[in-house]
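Shown next, in C-alpha cells, is the structure this report addresses.
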Amino acid sequence: MKPEEIDWGRLASVIEKHRDEKSLLIPLLQDIQETFGYIPPKSIESVAEAMNLFPSQVQGVISFYAGFSLKPKGKYVLRCCRGTACHVKGSRSILRVVEKELGINEGDTSPDYQFTLETVACLGACFLAPTMMVNRDYFGKLSPTKVTSILAEYRKDKEER
Amino acid sequence: MEDITLTINGKKISCQEGTSILNVAEEYGIKIPTLCHHHDLEPFGACRLCLVEEEKTGRLMASCVAPVAQDMTILTDSPRITKHRRNIVRLMMAEHPESCLVCSKGNRCQLRQIAAQLGVGETDLYPMPNYKRLEQANPFIIRDLSKCILCGKCIRADHELVVVGAIDYNLRGFRSRPATVHDLPLKDSSCTFCGTCVSMCPTGALASKNTQYVGTPEREGLSVCGFCGVGCSLTMGVAGEQVIEVNPSHRQDTVNGATLCVRGHFAHDFLNAGERLIRPMIRKDGELISASWDEALEIVADRLLNIKRTSGPQSVALLGSSKCTNEENYLFQKIARVLLGTNNIDNGGYSSGQRLLRLIDEKTDGGCRIHPLEQLEKAEAIFVLGANPDQSAPVVGYYLKRASRKGVTLIVADPRQTELADFASVWLSLLPQSDLELINGISALLYQKKAYDPSFIDRFTEGFGEYGDGLSSLDLERVTGVTGLDLDILEETAGLLNGKKIAFVIGHGILQQRYGMQSIEALFNLSLMTGSLGHAGAGIYGLARENNQIGAWDMGTAPHALPGRQPLNDVLNGDTARRGWERAWQAKLLPDQGSNVVRMIEEAEKGNLKALYILGENPLRSLPQPERVRKALESVDFVVVQDIFPTETAEIADVIMPGAAFSEKGGSITNMEGRIQTFRPVTSPPGEAKPDWEILFLLAAKMGYTGGNDSLEKIRAEIAELVPMYAELDGQRDVAWVKETSQRKLFDPGGKGGMIPFSSVVSTGDEVYDDIYPFTAILGSVRYHLGSGTRTGYSDRIGELGLKGEIEISPEDGINSGLRNGDMVRVLSPHGSLERAIRLEKRLRKGLIFVPLAVNANDAMNLIGLTELCRPESPGWKTCRVKLEKL
Ligand code: SF4
Ligand code: SF4
Ligand code: SF4
Ligand code: FES
Ligand code: FES
C-alpha cells in the first residue's frame, strides 16, 4: 500500500484556510500533517509564501519538532525506547529484534508502508522498562518473544484486510 | 530612557537602560570574548562564551543578551568565568574535526583564537567529531559544516542583513546544522553567493573558495569595491602582490556594513588575471608591439597636438572613465579642455542615463546631491521604478528589503516580477516604457484627493496651479490603457502614498528609456507636490551603474559641465563659472557643449573625428550596434586606449597604455549617495603598468604642461580648492560627502535662488507596433556581472559559473511559439540579432522577453540602435521590439 499521490488541490485549500492567520505556522503544519500523514516537502514553498516566511525557516520548524515528518510514514509507527532505564533493561537487544523482524533499520519505513521504526529517549513509563509504542498503544516489560508476538498481531491485521 | 549606574570590574559606569552588558563593557574598552555576537545582528545568546558574573548574587549571564540593571557589580574575567569559558571551548573543540590543522580560515578563525587565549590545547574529552558532508560544488563557497559551532551568524546575516533566506537551522540536537531548503547544494538554492555569511562565520565552516591560494593572507588593506555605484567598503587580503580574498571592511560607518554582493566578494579575482596589460604597446606596420613608456607617451602627445593643430580641437575627443578615480577624471578633462582645447569629453556614465540625473541637479541648482541609503530604512514610503537593485546594485536591494521587513510601504513598478516585487506592498506590473503615464496617473489621483503638501508647495515652489490643471485634465482611461494597469491598483497605490513623503528609487528602466527625461520630470513634480524633497528618507535616489560614475561627472568628464557640475555656458550669470576656471587654469575655455559619446561615434562616421583617447572604457562592447561602433572607430586616424585589459577596443588602438586597477593606486571615488571615499594602494600594478593619474600627468608634461599636478596630493588639493562641491576632499579624512550648494529657498532660506518650478504635464506618444516584431525585449543586468561584463568576464570564479544568459519568455508565449526550455533561438531586431537558449519564466508576462546583459561578449547590444533617442541625450537602450526564430 503506497501512500496516495498528493492531492495538491487539497493541500492548497488547507493552506488557504490558514492564510489569514499569519504567524500561526504550527497549526497550519499540524493541519497538513493530519491531512496527509506527513508534510510533503513540496508544500514547504507554498506554506512559506502563505505565512510570509522564508522556505528555509519553515523547513527549520518542521525538522525541529518530532511531531512533524517530511517523509511518509507507515501505517504503524513503532517507537522503541532507548532511554536510560530501558537501556539498563536491555532495550538495545529489543531494538535489534524489532529491526530483524521488520527487516528495516531505525528511522526507516518498510517498503509496503506498514511499519515505521523510530527510537525515543524516554516514553515516561520507565517502571515498565523496556518499553515501546505502536501508534498510541504502550507495550512494556518487553522480551524478544513478546516483541515477536506483538508484531505478529499487527501483521495479522494486514493480512485480514 | 533612564540612566543606570553599575560597576564593571570595579569601574563605576553609567549608561542607558536597556543596553546589554556586552555593549556597555565594549564602550568602556573592556573586552569580553564572543562567538555568536555581531553588532549588526540581533543579539542571540547561542554560544555562552560572553559569560559574566554578577558578584553579589553569583549569577552567570550571557552578557550579549543580558541587559544592564541598576547597581549591578559585574566581573568579566573571574577565575570562575574562565573555567566555564574553557569548558565551553573544550566541548566545541571535542566536536571539531582534525582538518582544523589545515583550515583556510587559519589564524583568523575566532574559535581557534579564543581557544588559544584560554589555553585550551588538549580538551581532555573524548573526541567526537561531528562529520558532515563537505560541499564545494560551486565556484565561490566551501561549506564544511563539520566545523560549524551553531552560532547562527550565517543564518542571521542571511535573514537580517541580505534578506535572502537561503539557509536556516535544520534538524535538532547533534544533527542540527544550517541548511538550505531540501538540503540542496547552495547553487541550487536561493543563495545569491553574496558571501556575507562567509565573512561572518567565526570558524572554517564557511570559507571562500580560492583555487589559487590556500591559507591566511600575508597582509590586509582597506579599499573600495571596483564594481557598482554603491561603492562598498572592503578589506583585501593580499599574498605576494595578489589579492586573494575580499571581505567587507571592519569600519562601522560604511554604506555596506557587514554585507557585500557576489561581485564585490568574489569577482575581484579579475585583478589577478593573466591577461592584464603589463607594458605599453604601439602599432607599427599594422601590428601592436611593445614599447617603452617614453616612446608611447611621446607618440600620444605628438599625435594629439598635431591633429589639434592641423584639424582643429573639434577633431579630437576624449572618453573618460566611470571606473577611474576623481583625481584621474579631473586631470583627464583638464588635458581635454586646457591642452587640447576641446569639450569633446564624456564618460561611460552616459549610457547609464547620466544626462537624466543632471536634470534633477539643474532643477534644484544642486540641492539634491546627497542620498544616504541608510535613510531608506526610515522612509515613510519607497517607490521603486524601473530598478532591480537585487541584481544591479545588490546592497541597495538589501536596504529596500530590510525597509520592507521593518514595515516601510514599498511600491515596485516593474514589467517583470522581480525578487523585490515579492517584498512590495504593491507590485505594479506596468507595460514597458509606460512609467511616465503611471507617474502622471498616480499624481492625478493624489491631486484629486488633495493629497499634497500645501505649505511646502507655497513656500518653495511655483507653477503648481498650472500643474494641477494639467493633472485634472489627464485622461485616466488612457493611463490605464497605456500602462496596462487597472484603475483599482492605481487607486490603491495612491492610497498608500497619501500623506507620505516618498523616497523614489530609480534605475535603468527609467534612466535608459525613451521617455526617461519626461519620466524624471514627472517624478520631480510628484516629489515637489508631496513635499518629498529636502527631507531625510525621501527624494530621488538614482542608481549608478559604475563605482565612480557620479565622480566622473562631478569632475567635469562630461561634454556639458565643468568640474563641480558647473555650467560651461551660463550667459545669464555672466559665465562666472567658466571665467573662474579660465583664471584658475590660465587658459581660454570654449563655451560650447562638446560631443557626448554617441555624437563622437557619429562624428567619426562622418570623418570629422581624427583622434580619440579612451580611458578605461570599452565602447566596442558597451555601446549598441558594436559592429557600427567598430567601423566608426576604425576610421579614426589615431585611437589611444588606456586600460587594464586587452579589450575589444584596445585591439583596434594605435597606442595602448597599461593603467592600474583601483586597488593598485590611490585616489577617491564618489558613490550614488554622494559619499566620497579615499583609498590607498593595496598592491602594486602588474609589470610596467602605472596608476592612471601618473600616466595622465606624464602625458600632460610631454604636452608641455607645467602647472603642477605631479602628485595625487597636489591634484586632490587643487580639486578641494577649486571645486566647492568637493571642499571636503582635503586629504584629512577617508570619507567625505559632496556639498549641496543650492540657493533655492527650499535648501537655503535666505538664498537668492528663488522657488523651484513645476514643469507641465506631458504624456507619452501613442506607440504603433508593427507585427513583424511581436515581442518587446527588456535588456537587464544579472548580479554576477557588471555593465558590459569586461572585468567580471575576466573573473575565473564567475567564468566557472558558466552563465549562458538564457532568454526568458513567458510560458504562454513559449508554448504558442513551440518553444521549450533549452531550445536555441535567434532574436532579431531591426538593428541586429543574437542566438541563445530559451527559458520559460512564469514571472514574465506575455509579450515580453528578457535578455540578460554582459554574457556572450555582451551581444545583447546587437539588438538596439545606437542613436535611438527620444529627446536629446536620453538613451533609449532599455527595450526594443524583436522577433524570435527557433533554430
Ligand atoms: S556555519 Fe559558521 S556562521 Fe553558520 S552557524 Fe556554523 S559556525 Fe556559525
Ligand atoms: S552567500 Fe549570501 S545569500 Fe547565500 S546563504 Fe550566505 S548570506 Fe545567504
Ligand atoms: S558590486 Fe556594488 S553592491 Fe556589490 S559589493 Fe561592489 S559596490 Fe557593493
Ligand atoms: S527510559 Fe524507557 S520509558 Fe523511560
Ligand atoms: S556572544 Fe553572547 S552568547 Fe554568544
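A few remarks follow.
- Calculated FRET value between B:N816 and B:E634, using beta carbons and R₀ = 56 Å, to 0.05: 0.85
- Spin-label proximity, A:A121 to segment A:42-81 - amide N less than 15 Å from point 7 Å beyond Cα toward beta carbon: A:64-67, A:81
- Accessible-area value, B:K804, 1.4 Å probe, nucleic acids and ligands omitted, Å²: 130 Å²
- Distance (nanometres) between label positions extended 7 Å along Cα→Cβ at A:K71 and B:V762: 6.7 nm
- Low-density loop cleavage sites - chymotrypsin sites (Phe, Trp or Tyr not before Pro) in segment B:101-195, where at most 14 other Cβ are within 10 Å (DSSP): B:Y131
- Excluding same-chain neighbours fewer than eight residues apart, the lysines reachable from B:K284 by a Cα-Cα span under 29 Å are B:K308, B:K606, B:K610, B:K631, B:K690, B:K702.
- Axis angle, to the nearest 10 degrees, between helix A:25-36 and the longest C-alpha principal axis of chain A: 60 degrees.
- Backbone geometry of segment B:121-136 corresponds, through the Karplus equation with coefficients 6.51, -1.76 and 1.60 at θ = phi - 60°, to 3J(HN,Hα) couplings of x, 7, 8, 6, 10, 5, x, 9, x, 9, 5, 10, 4, 8, 10, 9 Hz, x marking Gly and Pro.
- Accessible solvent surface per residue of the protein assembly as shown, calculated while the other protein chains remain in place, 1.4 angstrom probe, Å²: 40 Å²
- Most positive-pole-ward Cα, B:T180, B:T364, B:S527, against dipole of the protein assembly as shown from beta carbon charges: B:T180
- Extension gain for the segment A:R92 to A:E106, taken as residue separation times 0.36 nm less the Cα-Cα distance, is 3.9 nm to one decimal.
- The overall shape of segment B:775-886 is oblate: from the C-alpha gyration tensor, with semi-axes ordered a ≥ b ≥ c, the ratio a/c is 1.5 or greater and a/b is no larger than b/c.
- The B:E160 and B:A273 beta-carbon pair, evaluated with R₀ = 45 Å, returns a calculated FRET efficiency of approximately 0.80.
- Dipole magnitude of chain B about its Cα centre (Cβ charges: Lys, Arg +1; Asp, Glu -1), debye to nearest 20: 1500 debye
- For the peptides B:148-155, B:317-324, the ranking by mean Cβ contacts within 10 Å, running from highest to lowest, is B:317-324, B:148-155.
- Applying 1/(1 + (r/R0)^6) with r as the Cβ-Cβ distance of B:E885 and B:E287 and R0 = 41 angstrom yields a FRET efficiency of 0.55.
- Once the chain from B:K12 to B:H250 is taken as fully extended at 0.36 nm per residue, the excess over their C-alpha distance is 82.7 nm.
- Taking Lys and Arg as +1 and Asp and Glu as -1, the other residues whose beta-carbon sits under 14 Å from that of A:A85 total +4.
- Put a plus charge on the Cβ of each Lys and Arg, a minus charge on the Cβ of each Asp and Glu, and nothing anywhere else: the dipole of segment A:58-161 about its Cα centre is then about 220 debye.
- The stretch between B:K842 and B:E295 holds 191.1 nm of extra length on full extension. This uses 0.36 nm per residue minus the Cα-Cα distance.
- Between A and B, accessible area buried - total, square angstrom, nearest 100, 1.4 angstrom probe: 1200 Å²
- Virtual spin-label span in nm between B:Y773 and A:D7, 7 Å along Cα→Cβ: 5.2 nm
- Ordering B:V629, B:Y613, B:V640 by the projection of their Cα atoms onto the charge dipole of segment B:594-650, which places +1 on the Cβ of Lys and Arg and -1 on the Cβ of Asp and Glu, puts B:V629 at the extreme positive end.
- Each label was represented as a point 7 Å from its Cα along the Cα-to-Cβ direction; for A:Y113 and B:T82 these points are 6.2 nm apart.
- Angle of helix B:712-722 to the longest C-alpha principal axis of chain B, folded into 0 to 90 degrees and rounded to 10: 60°.
- Cut-off under 5 Å, modelled amide H: who pairs with B:N347 long-range: B:G320
- Residues with amide H under 5 Å from that of A:V120, placed H, sequence gap 5 or more: A:C80, A:C81, A:R82
- Close amide H pairs (under 5 Å, H built 1.01 Å from N) link B:R744 with B:G753, residues at least 5 positions away or on another chain.
- Value of relative contact order over segment B:744-842, rounded to a whole percent, pairs C-alpha under 8 Å and six or more apart: 19 percent
- Within 10 Å of each Cβ in A:57-65, the average number of Cβ atoms from other chains: 6
- Measuring with a 1.4 angstrom probe and ignoring ligands and nucleic acids, B:E812 comes out at about 100 Å² accessible.
- Accessible area of chain B belonging to carbon and sulfur atoms, whole % at 1.4 Å probe: 49 percent
- Against the main long axis of the alpha-carbon atoms of chain B, helix B:79-94 sits at an angle near 70°.
- Over 22 Å between alpha carbons, listed pairs B:K449/B:K500; B:K209/B:K406; B:K31/B:K209; B:K334/B:K665: B:K209/B:K406; B:K31/B:K209
- Solvent-accessible surface ranking, highest first, for B:D144, B:D183 at 1.4 angstrom: B:D183, B:D144
- Prolate/oblate/rounded call for the protein assembly as shown, Cα gyration tensor, a/c under 1.5 rounded: prolate
The values are calculated or read from the model by the stated rules, or taken from the named source; none is laboratory data. Keep in mind that this is a model prediction, so the values were computed, not measured. Using ideal geometry, Cβ is built from the backbone for each residue, glycine included, and neighbour counts are taken over all protein chains shown. Remember, those area values only see protein heavy atoms, side chains included, never the ligands or the DNA or RNA. Shrake-Rupley method; radii C 1.70, N 1.55, O 1.52, S 1.80 Å.
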